[in-house]
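Okay, so here's the structure we're looking at.
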Amino acid sequence: MNMVTAVRPGLDALVSGISGIVARGLAPRDTAFAVADLLRARLPGLDLLTEEERAGSPERYASHLLHAQDEFSIVAVVWRPGQETVIHDHVSWCTFGILSGIEHETLYRDLGDHLLEIGRAANHPGDVSGFAPPGDIHKVRNTSTEVGVSLHVYGADVSVLGSSVRRVYDLPVRTG
């Protein structure tokens, strides 16, 4: 069954392009990279969200489901300064683009009894990236002084799953 939610105004071309990529049946990592290329060319502006949505939440980062269907979902994540995720991985491939703020991402590898920090990146407005499990363990934090907004495309229907997070990690972290 191919269940599709209504497309939010301004996302028609992006949804159509992602649908075309997903229909090609590529490997998850290749799908993430192809969707990242598309998102780079069609990254929408902040006006995609209402003023209320762009304000975020004082308690924690806020997720706004903008589109969902069986094959993929588009979610806007709004981060107030200092808000962050727990260390986690994902149920599917993911692509994200930064609309505002700076998302500092720390990457990890699971070594069984601990996590090893393997990289860091500061993602600025206009930056786009994609990844796929395995190797998608990370933590994200808004390190800017402004509200951050990012657009995420997940290769799953998060309206059914409730979240893109597969697992949360509570292991000791080692660097180098």
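Just so you know, all these numbers are worked out from the coordinates, no wet-lab data involved. Given the structure is predicted, the values throughout are model-derived calculations rather than measurements. Cβ atoms come from the backbone with ideal geometry, glycine included; neighbour counts cover every protein chain shown.
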Mind checking the full-extension length gain between A41 and E117? Use 0.36 nm per residue of separation minus the Cα-Cα distance, one decimal, nm.
24.3 nm
Which ordering of L99, L14, L161, L111 is given by a fewest-first count of other beta-carbon atoms within 10 Å?
L111, L161, L99, L14
Want the number for A27 to A13: 0.36 nm per residue separation, take away the alpha-carbon distance, what's left?
2.8 nm
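Could you give the Stokes-Einstein D for region 96-154 in µm² per second, using the C-alpha Kirkwood radius, 4 °C, 1.567 mPa s?
106 µm²/s
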When each pair of different Cα atoms in region 12-156 is counted once in the 1/r mean, what is the Kirkwood radius in angstroms, to one decimal?
15.5 Å
Among trypsin sites (Lys or Arg not before Pro) in region 48-120, those in a DSSP loop whose Cβ has at most 14 other Cβ atoms within 10 Å are R60
Residue (of A41, G17, V140) at the positive-pole extreme of region 12-156, dipole from beta-carbon charges
A41
